[in-house]
Every structure is written in C-alpha cells, then in structure tokens.
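Here the structure is laid out as structure tokens; the discussion comes afterwards.
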C-alpha cells in the first residue's frame, strides 16, 4: 500500500472491526516503512526512540516517537501474525518468568497501535485533532477486543450509578467509561483506556473517588495507557528529543491522599515507573493486566446495582 492508501485506511474506523484487521494493517504499514520513508531520526536524549519522516506525499511530517525496543519491523512482524493471538489466548497461564511470551504481548499491542498513530501523523497539520481522536478511539477498541478474545464480557458505555445513603438508594447518576468488564450480570471493573495520561489521569482518579463515595462500594478502577512520551524540539535545528508527559507528582499525590487505582498499565513504560518505589508498586506493563490482574478482578465480588447503557461495543 502507498502512504496515501495507508492514511485513508487508518482514517476510517470501520476498517478495524477485528483483531486480524489491526494485525494486517500493522504488517502493511511496516512493509511501507521499510523503503517509503524520507528519513529516520534518532532521539537526542533517549536514543532508542526514533522519529520517521515522510516524503512529500506525507507533507514531510515527522511521526510521534517510536520505541525501537518495542516496535516490530517488517522483518519481525510475522510474530504478530503467527504468535500474538496464540500467546494472548494462553495469557492466564503465563507466569512472570515467561518473559519471551510476555514481550510478545507488549510489543504486539504497541506495534499495532503505533502503526495506526504513525500513519495518521501523515495527515495535514489541520487534521491533527481528528487524527488524535481516531487514534484514541481505535486504541480503546483494540483493548476491548483483546479482552473479549479471552472470553470476558467487555464493553464501553454509561454506568447508571446508584447513590446510596445509609444503605438505601436515593437516586442515580450516569458516568461514561471507556472500559466496563462484566461477568454473570456483575460489573467487575471499570476504567479508562488512553494513548497517554496527559490531561487525563486526574479524571480516572476522580472517577474512582466519586464512584466509591456515591455507591459505598470498592469496585476496581483501572487505567491502560499506550505510552507517555512526545516529541520535543532541541536547540539544534532538525534535531529532536522526547519529553515525558507523565506527571509523577500528580500520580503520587492522588494515590496517597485521594485513593490508589487498582491497576495502571503501560505498553511503553517510563524508566521512573520501574525505579521509583511508589510508582513501581502501582504501575506495571500491560502484560500484567492480561496475565494476572484481569482474572483477579473477575474472581472478586462485583457490582450488581449499577446498570449499563451501551454507547458502543467491541
């Protein structure tokens, strides 16, 4: 496919109605990237990040940062086609020592989504907001599809929350959620699925706080993020680096003084999330969600009084 064909395809969300469609697009995009780029730019501060620059058909645009430690290329993308769904199906049985298969999970999800995002980066500058919305919607859809592939009931929609006072329901309030995990009529967990925590992390913490206060329950609230990096210009023309969009102070403050989330997961996890004691306790790579935490949420007692008004499905 040409770049224009890839961009048109990625711009139409109806083209991504199955996991197989995500896989096929990723492989087509990576085939294009082998020979179709103007240049590959190495980040000046964290050199495992790359920026891909398009030729004139892509307005010479420069993509979002690509983590070369996670992103498959055309030569290795067969792993996504041959192994990803098999490994995902066995996620419940993958222990923490099975780093090879857990990396297949992390790298495949990262690659599929970044291929879409990078393709949309070739749109004209005036369409950048549209590109962000499409990219975010498709990441939400991908995560819901992966959960559904494991046989877990999952949707998006508005939850009608019962407001309980002294054990009695007084009235109801509705909240929109990206992710609603259910089983046997019980809501087991709810949360947000975002490409980045930038300008979004506050709401997820507040959602849990308000839900818990209104319902007097402890329903798990989670957050799934793709990454937390963005391109930054350096003082040298045509040289680029990366900035972290994660706000550790906000995250720690909400965790300690408001309420901790029940799971925060990244495809591309930042170094301080693996070294800082408090962050490390609460943030993990996305394989932990599929291999461990999802199943623990399902086993816990859920919420039966809230009702769901679907606004979309897998």
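Summary table below
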quantity	calculated
For the range 152-312, convex hull volume per residue from C-alpha positions, Å³	133
Ratio Rg/Rh, restricted to the range 260-314 and using Cα atoms, in which Rh is the Kirkwood radius	1.08
Extension gain, residue 47 back to residue 299 (0.36 nm per residue minus Cα-Cα distance, nm)	86.5 nm
Three-way shape label, the range 5-92, alpha-carbon gyration tensor, a/c 1.5	oblate
Sites residue 99 and residue 74, calculated FRET efficiency, Cβ-Cβ separation with R0 22 Å, nearest 0.05	0.35
Theoretical gain in end-to-end length, residue 40 to residue 21 [0.36 nm per residue, Cα-Cα removed]	4.2 nm
Gained length - residue 160 relative to residue 258, 0.36 nm times residue gap less alpha-carbon distance	33.0 nm
log10 of Debye I(q)/I(0), alpha-carbon scatterers only, for the chain at 0.10, 0.16 Å⁻¹	-0.58, -1.41
Most fluctuating residue given options 102, 86, 64, as computed from a GNM of the chain linking Cα atoms under 10 Å	86
The range 117-167 versus the range 213-273: alpha-carbon centroid distance in Å	17
Fluctuation leader among 67, 129, 227 - the chain, Gaussian network, Cα springs under 10 angstrom	129
Among 243, 69, 135, residue whose mean-square fluctuation peaks in a GNM of the chain (springs only between Cα atoms under 10 Å)	69
Separation in nanometres of the label points that stand 7 Å from Cα toward Cβ, at residue 275 and residue 86	3.8
Gyration tensor verdict on the range 94-205 (Cα atoms; rounded if a/c is under 1.5, prolate if a/b is larger than b/c, oblate otherwise)	oblate
The chain: relative contact order as a whole-number percent, Cα under 8 Å and 6+ apart	18
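Throughout, read-outs are computed from the coordinates displayed, never taken from laboratory work. This structure is a prediction, so every number in the text was calculated from the model and none was measured. Cβ sites come from the backbone with ideal geometry, for glycine too, and all protein chains shown count toward neighbours.
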